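One structure is given here, and the rest of the page talks about it.
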Amino acid sequence: MEAGALGSEYNAVGARARLRCPAVTITPIRRVILGIDPGLANCGYGVIASTRLGLEMLEYGCIETAAEMSMPERLAALDSALRRVIGTHHPEEAAYEQLYVGQNLSTALSVGRALGVIELVCGQLKVPVASYTPSEIKHAVSTAGRADKHQVQFMVGVLLGMSTPPTPHHAADALAVAITHSMRGRGRGHGTA
């Protein structure tokens, strides 16, 4: 007899007895996570499903905006592409790699703008967002907080059962963020706007 079902069964002495099983809350079998490697020129994204059987890659890629485009056009293109990915896969959660402050000011400003779009889109679409440092991500996928890009790409491919490591590296980094969140992130998000 299945859990939660009512049924008639006979007990050991042959008397008819009714079995009642309490309702059981089952955690989702499949959790879809969007990982993002933020950038304005190249914003990597990766969507995975975390299941009881392991991890499954659903989609990955890189959103590119040309330097010749105006800033509003670039931000709108990023917005539109993120909405398409979220609309296609309906992730329950998202995560991104935190900005490394050692970068030059120009890069930090452009990545900050991209992060604003990421937070806005996820907030408007009610997708909770978390963030991880580069060393947290490297440690989660390679057990070495100082792994280089090639080691991260290789391990992401292994963890997702891919025949070749994912490219470009922005997409591989985004998949690594999603993998990190699948291992560490439940409840870590800072909510939606």
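Report the net charge of residues surrounding K149, where surrounding means a beta-carbon distance below 14 angstrom and charges are Lys +1, Arg +1, Asp -1, Glu -1.
-2
Run a plain Debye calculation on the range 28-184 (Cα atoms as equal point scatterers, no solvent) and give log10 I(q)/I(0) at q = 0.09, 0.11 Å⁻¹, rounded to two decimals, same order as the q list.
After summing over all Cα pairs, the log10 values are -0.25, -0.38.
Which peptide among 153-165, 30-42 comes first, and what is the full order, when sorted by highest mean count of other Cβ atoms within 10 Å?
Order by mean packing, descending: 30-42, 153-165.
Which trypsin sites (Lys or Arg not before Pro) in the range 137-176 pass both tests, a DSSP loop state and at most 12 other beta-carbon atoms within 10 Å?
R146
How do 168-181, 43-56 rank on mean C-beta neighbours within 10 Å, highest first?
168-181, 43-56
Computed from the coordinates by the stated procedures, all read-outs in this text should not be read as laboratory data. These numbers come from a predicted model, not from an experiment. Cβ atoms come from the backbone with ideal geometry, glycine included; neighbour counts cover every protein chain shown.
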